[in-house]
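J.: Starting off with a structure, shown below.
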Amino acid sequence: MPDRPDHAPDSPPEEGPAAVHRLRGTAAAPGPLPGTDPREALRTVLGELGEAPHAPALPQLPARGPGADATGRTAALLVELPVDLQPAGWRFVDRPGRDLERARSFLRADLDELAEAAQDWRGPLVVRVLGPWSLLAAVELARGERSVSDAGARRDVAASLAEGVAAHVADVRRLVPGADVVVQLDEPSLPAVLAGRLPTQSGYGTLRAVEEPEVRAVLTSLVDAVRAAGAGAVLRLPAQETPWPLARSCGADALAVDVTGLGDAGWESVAATVESGVRLWAEVLPARAALPPVPEVVDALRAPWRRVGLPAADLADVVVAPAGGLTGLSPAAVRPLLGRLRDVAAAVLESSGD
C-alpha cells in the first residue's frame, strides 16, 4: 500500500539551530571520497561547494586503510567503549589499542586540515557518522557475535555514541566557528536489523530482529543529542526496504535516500515524508565519470515529484547529492562531478519557480 500522510507525524519537527530548514538550491556530497590526502580532498570539496547555498562536508577517505573506514571512524567517537581490529572486523575490547589510536589519529588529522581550510566558512557543514544500528551490526562483542544481538550492548553503544557524536559536533563548531553543523547518520543495515536478516558469526543462521519501538527510541535519542549539541540531523537510509514511517518518526530534520531507482510506491513515501515536514536529501546524480546532462538529472527528480502531487515550489527545499559512492572514481573525477551537482542544484531551484 502507498505510504501516505496517515502514517506521518502530526506536526513537522522543530527547526534546530543548524541550517537544515534554511537550505534552498543546495548541493551536498557527504559520502566517502577516493584518495588518501585530506588536504587535497578539502580543497576539492570547498573549491566546488564552498560557497552559499551549498553544504560542504568533512571528507572521509577510506582508502587510507582501517580506521579511516566508516565503522572505524565512528567507533573512534565512542566514549569508554574501545574497539580493536580483528581478522573478522572491528570488535569491542577491554582496553584501547593500536587500531583505535590509528582511527583517532586519522580523525584528528582531518579536523586539523578542516580548521585550516574552512576557517572563514559561514554556512552548513556536514559530518558523516554511522548510525547506531549499523554500527551495532558491524562491530562484534568480545565473544565474537555481532553486538546488535545483545540488549546490554545495544544500550551501552547507543548512550556512548550519543555522547561521542555530541562531542564531535562541539569540536567541529570550535574549529569552524561559522559552521552550521549538520550530522548525517548513515543506516545501511537498518532494514536487515528490523527484519532479522543479519547473519550470525557462523553464517548458518540469522540474528533475531530488533523490535521497532527499540529501534525508534535509540534513533530518536541520538537525534535529540545531535540537536541538543546545536546541529541538524539527517538520517540516510538505503533505497530498498526503507522503513519510511519509522524514519519520519525519529525527529530527524531530513531523510537522505537514493531516488534514482525508486518506483511509484517509493515516491508515495517521499511525498508522505515531505508533507510531514521532513526535508528530502535526494541522491540523484549518478556517481560516474561520464556525467549525464543537467536537464536529464533534473527531470529524473521533477517528473516523479509532480506525479505524486507534490508542489513544484517545494523542490526548492530539496538538497541534491550524488547517487552511489564516489570511492570508485579517481580523485580527479570528483571535482567535475561536484561542479555538475552544483549546476543541478541551481536548475532544481529554478524549476521550482524561485
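J.: Out of all the residues in the range 39-64, which are in contact with a Lys or Arg (Cβ under 8 Å, 6 or more places away or on another chain) and modelled with pLDDT of 95 or more?
T.: 44, 47, 48, 49, 54, 57, 58, 60
J.: Name, by its number, the condition in (1) loosely packed, with under 15 Cβ neighbours inside 10 Å; (2) out of contact with any Leu (no Cβ under 8 Å at 6 or more places or on another chain); (3) part of a loop (DSSP other than H, G, I, E, B) that does not hold for residue 350.
T.: (3)
J.: Is it fair to say residue 208 is farther than 26 Å from residue 279 by Cβ, of a type in the set (Lys, Arg) and modelled with pLDDT of 95 or more?
T.: Values: farther than 26 Å from residue 279 by Cβ: yes; of a type in the set (Lys, Arg): yes; modelled with pLDDT of 95 or more: yes.
When the stated conditions are applied, residue 208 passes them.
J.: Answer with yes or no whether residue 213 is surrounded by fewer than 18 Cβ atoms within 10 Å (Cβ to Cβ) and under 16 Å from the mean Cα position of the chain (by Cα). Write out each step before concluding.
T.: Values: surrounded by fewer than 18 Cβ atoms within 10 Å (Cβ to Cβ): yes; under 16 Å from the mean Cα position of the chain (by Cα): no.
No, not satisfied.
J.: Just to be sure I understand, how many residues within the range 100-119 are part of a helix (DSSP H, G or I) and open to solvent by 30 Å² or more (accessible area, probe 1.4 Å)? Steps first, please.
T.: First, pick out the residues of the range 100-119 that are part of a helix (DSSP H, G or I): 100-117.
From what's left, open to solvent by 30 Å² or more (accessible area, probe 1.4 Å): 101-102, 104-106, 108-109, 112-113, 116-117.
The number of residues fulfilling the criteria is 11.
J.: Go through (1) open to solvent by less than 40 Å² (accessible area, probe 1.4 Å); (2) out of contact with any helix residue (DSSP H, G or I) (no Cβ under 8 Å at 6 or more places or on another chain); (3) more than 30 Å from residue 65 (Cβ to Cβ) for residue 256 and report which single condition fails.
T.: Of the numbered conditions (1) open to solvent by less than 40 Å² (accessible area, probe 1.4 Å); (2) out of contact with any helix residue (DSSP H, G or I) (no Cβ under 8 Å at 6 or more places or on another chain); (3) more than 30 Å from residue 65 (Cβ to Cβ), the odd one out for residue 256 is (3).
J.: Looking only at the range 187-210, count how many residues are open to solvent by less than 20 Å² (accessible area, probe 1.4 Å), assigned to a loop (DSSP other than H, G, I, E, B) and of a type in the set (Val, Ile, Thr).
T.: Adding up the residues that qualify gives 1.
J.: Could you list, in sequence order, all residues of the range 285-322 that are open to solvent by less than 10 Å² (accessible area, probe 1.4 Å) and part of a strand (DSSP E or B)?
T.: 285, 319, 320, 321 - these are the residues of the range 285-322 that are open to solvent by less than 10 Å² (accessible area, probe 1.4 Å) and part of a strand (DSSP E or B).
J.: If you check every pair at least six apart or on different chains, which have Cβ atoms under 9 Å apart with a residue in the range 126-153 that is on the phi > 0 side of the Ramachandran plot first and a residue that is at pLDDT 95 or above and of a type outside the set (Gly, Ala, Ser) second?
T.: 144/91
J.: Between 157, 181, which is assigned to a strand (DSSP E or B), open to solvent by less than 20 Å² (accessible area, probe 1.4 Å) and not charged (D, E, K, R)? Spell out how you get there, then give the answer.
T.: Numbers: 157 fails: assigned to a strand (DSSP E or B).
On inspection, the qualifying residue turns out to be 181.
J.: Could you please find all residues in the range 235-253 being touching a Lys or Arg at 6+ places or on another chain (Cβ under 8 Å) and open to solvent by less than 20 Å² (accessible area, probe 1.4 Å)?
T.: Those that are touching a Lys or Arg at 6+ places or on another chain (Cβ under 8 Å) and open to solvent by less than 20 Å² (accessible area, probe 1.4 Å): 246, 250, 253.
J.: Take the residues in the range 57-99 that are of a type in the set (S, T, N, Q) and assigned to a helix (DSSP H, G or I), then tell me which one is surrounded by the most Cβ atoms within 10 Å (Cβ to Cβ). It would help to see each step written out before you state the result.
T.: Taking the range 57-99 and keeping what is of a type in the set (S, T, N, Q), we get 60, 71, 74, 86.
If we keep only those that are assigned to a helix (DSSP H, G or I) as well, we get 71, 74.
On the way: 71: 21, 74: 28.
Top of the filtered list is 74.
J.: Just give me the residues in the range 33-56 being open to solvent by 30 Å² or more (accessible area, probe 1.4 Å), of a type outside the set (Asp, Glu) and more than 22 Å from residue 315 (Cβ to Cβ), in sequence order.
T.: Of everything in the range 33-56, those that are open to solvent by 30 Å² or more (accessible area, probe 1.4 Å), of a type outside the set (Asp, Glu) and more than 22 Å from residue 315 (Cβ to Cβ) turn out to be 36, 39, 43, 46, 47.
Here's the yes/no breakdown for (1) touching a strand residue (DSSP E or B) at 6+ places or on another chain (Cβ under 7 Å); (2) free of Cβ contacts under 8 Å to residues at least 24 places away in the same chain; (3) among the basic types (Lys, Arg); (4) within 19 Å of residue 186 (Cβ to Cβ):
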{"position": "282", "(1), (2), (3), (4)": "yes, no, no, yes"}
{"position": "294", "(1), (2), (3), (4)": "no, no, no, no"}
{"position": "309", "(1), (2), (3), (4)": "no, no, no, no"}
{"position": "333", "(1), (2), (3), (4)": "no, no, no, no"}
{"position": "337", "(1), (2), (3), (4)": "yes, no, no, no"}
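The values are calculated or read from the model by the stated rules, or taken from the named source; none is laboratory data. Here the structure is a predicted model, which means the values were calculated and not measured. Reconstructed Cβ throughout: ideal geometry from the backbone, glycine too, with neighbour counts over all protein chains shown. Just the protein is used for accessible areas: all its heavy atoms, side chains included, with ligands, DNA and RNA removed. Shrake-Rupley method; radii C 1.70, N 1.55, O 1.52, S 1.80 Å.
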